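Below: the structure, in structure tokens.
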Amino acid sequence: MPSQSSNSLADKLAASLADGSFVRLVLSHPAGGDVEKIIGRLVALKTGPHLSLTYRHPTRDVTQNLPVAAAPAWLREQVPRQFRSALLGTTRADWQLHADRLIRHKPAITEPPARNHDRVRPSVLGNATWLPADADKRRQIDRYAEIFSHLAQACSWPERPVIADMGCGKGYLTFAVWHLLRDRGARVIGVEQRPELVAAANRLARQIGATGLEFVTGTIASVELPALHGLIALHACDTATDDALRRGIEMKAQLIIVAPCCHKEIRPQLGQPEPLAPVLAHGLMAERMAEWVTDGLRALALETAGYRVKMIEFVASEHTPKNLMIAAIRTGRPGPRERVEALKKFFGIQHHALD
């Protein structure tokens, strides 16, 4: 049941939405669950004003638009049951609810913000000149870097961590990771088998004075590397993603993040077990199932090797159809191998690159 303080805060929210003084709403200190924080702002949609709520998870954000009329009741459900703290910002006063006490502060913002729905999200990389010009590619790199930065905080890395970017291409992501870790004296290594790309990336690294950043020529499976703390790969083709995962597992990298590209190995082996046979008889459905099974086997292989795994949709599908990310943090507690074998047996798969 809502407390007197949460009811009072909900009433103030309703009043600020009605008179146009609303600035923002932040719910924090969750009582449990995966949501770390909820941030609310007022937006103008075609159907009328809505409270746009961003649910902050450890590795992703989820946005929900709530009609303003429903916002006060929603807030009463959230505080204090789901969140122990709340901050309502208005142009007249800021109201902080904590430990069931409602405290008034001077307003931090005295002018209402813009109500447009789509806002440009600030980049964790700033306006770095080495970022790609293509907007979709830039968005991928920035989002990957944002997730990397968040996950790296959960790793007990030393002051000078060593990170490898496998199949780095032109090195956009490699530069991004170096940029994030440059103040820690990190050594970041880009691995690419095309020597002309390696030479170009090394030239750019020298031009910008990127101490600790280097690019080497070699294949993911065989290149010589020092002991690694983190390993990443973005859209490494064919079985290169599996080669990257294998190297990360073998080198006991504490953090492994890959965004898979191709799924060619499993597709020819994929059977049509009942009751899925009528569905998998359609080529497109079989193709998608092969992708899911391939990435599922990759996740299970990581868990078997002692990693905690998250599967993340790291950018919207309109920016790239290859928008799945596999993120793994080493725990040293191996999972059961039987799950891998059971999945392979069900689909008639004889061999997988991570066997």
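The values are calculated or read from the model by the stated rules, or taken from the named source; none is laboratory data. Note that the structure is predicted; figures quoted are calculated from it, not measured. So basically every Cβ, Gly included, is an ideal-geometry build from the backbone, and we count neighbours across all protein chains shown.
Total residues in the stretch 156-186 satisfying the condition of being outside any helix (DSSP H, G or I) and under 26 Å from CYS261 (Cα atoms): the figure is 10. Annotation: of all residues in the stretch 24-38 being part of a loop (DSSP other than H, G, I, E, B) and among the hydrophobic types (A, V, I, L, M, F, W, C), the one that is surrounded by the fewest Cβ atoms within 10 Å (Cβ to Cβ) is ALA31. When the residues of the stretch 38-56 are filtered to those that are over 18 Å from LEU13 (Cα atoms) and of a type in the set (D, E, K, R), the one that is modelled with the highest pLDDT is ARG56. Applying the condition of being in contact (Cβ under 8 Å) with a residue 60 or more places away in the chain and surrounded by 15 or more Cβ atoms within 10 Å (Cβ to Cβ) to the stretch 43-57 and asking which residue is nearest to SER5 (Cα to Cα) yields SER52. For the stretch 255-288, the set of residues classified as in contact (Cβ under 8 Å) with a residue 60 or more places away in the chain and either of a type in the set (Lys, Arg) or not assigned by TED's automatic domain parsing to the domain that holds ALA227 (or both) is empty.
Tell me, yes or no, whether the stretch 102-118 has at least one residue that is among the hydroxyl-bearing types (Ser, Thr, Tyr), in contact with a Lys or Arg (Cβ under 9 Å, 6 or more places away or on another chain) and surrounded by 15 or more Cβ atoms within 10 Å (Cβ to Cβ). No, the conditions are met nowhere in the stretch 102-118.
Restricting attention to the stretch 191-224, the residues that are in a helix (DSSP H, G or I) and not small (Gly, Ala, Ser) add up to 9. Considering the conditions (1) more than 27 Å from CYS168 (Cα to Cα); (2) surrounded by 16 or more Cβ atoms within 10 Å (Cβ to Cβ); (3) of a type in the set (Val, Ile, Thr), VAL279 is excluded by exactly one of them, (2). Do we find that ALA227 is among the hydrophobic types (A, V, I, L, M, F, W, C), under 20 Å from CYS155 (Cα atoms), assigned by TED's automatic domain parsing to the domain that holds CYS168 and part of a helix (DSSP H, G or I) in this structure? No, not satisfied.
The set of residues from the stretch 58-81 being surrounded by 15 or more Cβ atoms within 10 Å (Cβ to Cβ) and in a loop (DSSP other than H, G, I, E, B) comprises PRO58, THR59, ARG60, VAL79, PRO80.
Report yes if some residue within the stretch 174-183 is farther than 30 Å from GLY283 by Cβ, assigned by TED's automatic domain parsing to the domain that holds GLY335, out of contact with any His (no Cβ under 8 Å at 6 or more places or on another chain) and of a type in the set (Phe, Trp, Tyr); otherwise report no. Checked against the condition, which is being farther than 30 Å from GLY283 by Cβ, assigned by TED's automatic domain parsing to the domain that holds GLY335, out of contact with any His (no Cβ under 8 Å at 6 or more places or on another chain) and of a type in the set (Phe, Trp, Tyr), the stretch 174-183 yields at least one hit. When we screen ALA233, ALA244 for residues that are in a strand (DSSP E or B), at pLDDT 85 or above and under 19 Å from ARG194 (Cα atoms), the only hit is ALA233.
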